[in-house]
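The structure appears below as structure tokens.
The values are calculated or read from the model by the stated rules, or taken from the named source; none is laboratory data. This is a predicted model, so every value here is computed, not measured. Counting neighbours? That spans all protein chains shown, and the Cβs are built from the backbone with ideal geometry, glycine included. Just the protein is used for accessible areas: all its heavy atoms, side chains included, with ligands, DNA and RNA removed. Shrake-Rupley method; radii C 1.70, N 1.55, O 1.52, S 1.80 Å.
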Amino acid sequence: MATTKEYRLGEFTFPRGWFMIAEASEIDSYKPQQIRYFGHDFVLYRGRESGKPVLLDGYCCHMQNPLGAKNTTSYVVRDNGGTNIEGDNIRCPYHAWRFGPDGKCNEIPYSTDPIPENARIKAWTVVESLGAIWMWYDPEGGEPEWDAPSLPEWDDPAWVRPKYDHVGLLNQHPQEVVDNICDYAHLGPIHGSTVDRYENEFIGHKAIQRQCGGHRTLVAQDGTRSILHTITTYHGPGVLISDLTGLYDATLLIFHTPVEDGQIRIWHSLIVKSPGGHAKATVTDAVTAAQFQEASMLSFAQDFEAWSVKEACVNGMFVPQDGPFHKARIWYKQFFNPRAKKAEYLERCEGLYVPKGVTPYTEPETA
């Protein structure tokens, strides 16, 4: 596993941005979860009073006992119906210190003294959207720079609401995954695509790929809808959303989150517009959409298999027909460095780029 330092990405080990940390349904429980991302342990739970997700540092500030680890023997847990969640608070099973969703200790049951001001643990910004729980991660501790991921089609009855495919852990630095946004040359060998038009554009926190052509997996083979159009956008370093028109109209979701420096967890999903053209998706639509999602997952597995066996591409031997890898990597660096330096990286990468010899997706004079 190559590390952030080896890729020379910047001052921070992990990038700034919104990241998926769980399916929303995973916290529809009376028990908390101990989770690990960004080389750090957290406790995640749904407040039993407000119903809102809560994310705190994973250990009690008193004696560093984990707040979300499985515990069946402490009377803190046994006397509370098998959980240490109380309303929107969480209580440490070891000495029963209680913390609010803001991370502040609000009760030490055996002490009559004022609660120390520094008796607190860090509370993290979390949002529930797209059937997932998102956290804002920023090494500088700043407020979110852009909105958490959301899509109007998620709540549109004409679109089939999907499940998430838990793709699993990948022992690669996320740089290898983000490279895919500009990897024009792999589309034929890996995905069986015949690309007619292609381009990349970098704007602020977004990296965009536009392309169209034939495809071996995601289009009709009878000639009716034989061209696949994809408008794919990274919204920050870990959220990929792709609008595609192939066999059916759909929106592809691929999210990855660093676990350790050089290891990520990945999810895949596909929101499909009613294949039958209904204003409200039917059960038959849902069955067809699930089949289309499986085809999409098979297509994504082609990338995943390549990533899982390759060596780290720290210094690639790129040619002009490959795609704008150098620009994409400069764009990616903005998230590994202080916000004050963001403009420096954007000045070096923003713009529209087309690989040598390739027809642009948009009008040629604009590329």
Residue among Ser299, Tyr345, Gly276 farthest towards the positive dipole end of the chain, charges placed on Cβ = Ser299
In straight Cα distance, which lysines are under 18 Å from Lys52, not counting same-chain residues fewer than 8 positions off?
-> Lys31, Lys104, Lys122
Can you give the charge dipole size of the chain about its Cα centre, rounded to the nearest 20 debye, using +1 on the beta carbon of Lys and Arg and -1 on the beta carbon of Asp and Glu?
-> 420 debye
Cα-centre dipole for the range 241-367 with unit charges at Cβ (Lys and Arg positive, Asp and Glu negative), debye to 20 | 360 debye
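On full extension of the chain, what length is gained from Thr3 through Thr125, given 0.36 nm per residue of separation minus the C-alpha to C-alpha distance?
On the way: separation 122, 0.36 × 122 = 43.92 nm, distance 2.61 nm.
Length gained, Thr3 through Thr125: 41.3 nm.
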Full extension between Lys280 and His326 adds, at 0.36 nm per residue less the Cα distance, a length in nm of 12.1 nm
If each part is reduced to its alpha-carbon centroid, the range 155-175 and the range 293-367 end up apart, in Å, by 21 Å
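Ranked highest first by the average count of other Cβ atoms within 10 Å around their residues, in what order do 169-177, 77-85 fall? Spell out each step's value before the answer.
Details: 169-177: 19.9, 77-85: 15.4.
Ranking, from highest mean packing down: 169-177, 77-85.
Could you please state how large a percent of the accessible area of the chain is carbon and sulfur, counting protein chains only and using a 1.4 Å probe? Can you show the working numbers first?
Working: 8370 of 16800 Å².
The nonpolar share, carbon plus sulfur, comes to 50 percent.
Residues of the chain: accessible area per residue at 1.4 Å, in Å²? Present the calculation step by step, with values, prior to reporting the outcome.
Working: 16800 Å² over 367 residues.
Ligands and nucleic acids excluded, the figure is 46 Å² per residue.
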So which GluC sites (Glu not before Pro) in the range 33-141 are both in a DSSP loop and have at most 15 other Cβ atoms within 10 Å of their Cβ?
-> Glu49, Glu117, Glu140
Between Ile133, Ile227, Ile203, which gets the highest mean-square fluctuation from a Gaussian network model of the chain, Cα cutoff 10 Å?
-> Ile203
To the nearest 20 debye, what charge dipole does the range 130-267 have about its Cα centre, counting +1 at the Cβ of each Lys and Arg and -1 at the Cβ of each Asp and Glu?
-> 600 debye
Any lysines whose Cα falls less than 21 Å from that of Lys310, other than same-chain ones fewer than 8 residues away, would be Lys5
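Suppose only helical runs count, i.e. DSSP H with n ≥ 4. What mean residue ellipticity at 222 nm does that imply for the chain under -39500 (n - 2.57) per run, divided by all residues and rounded to the nearest 500 deg cm²/dmol? If you can, show how the numbers build up before the last one.
Working: 7 runs with 62 residues, N = 367.
Calculated at 222 nm, the ellipticity per residue is -4500 deg cm²/dmol.
In what sequence, largest accessible area first, do Arg216, Arg8 appear using a 1.4 Å probe? Each step should come with its number before you reach the end.
On the way: Arg216 185, Arg8 145 Å².
Listed by decreasing accessible area, they come as Arg216, Arg8.
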Those Cys residues of the chain for which no other cysteine Cβ falls under 4.7 Å = Cys61, Cys105, Cys182, Cys212, Cys313, Cys349
Would you mind computing, in nm to one decimal, how far apart the modelled labels at Arg36 and Ala301 are, each placed 7 Å from Cα along Cα→Cβ?
-> 2.8 nm
Ordering of 144-151, 40-47, 108-115 by burial proxy (mean other Cβ atoms within 10 Å per residue, highest first) | 40-47, 144-151, 108-115
Positive end of the charge dipole of the range 151-260 (Lys, Arg +1 and Asp, Glu -1 on Cβ, about the Cα centre): tell me which of Leu169, Tyr184, Val239 has its Cα farthest that way.
-> Tyr184
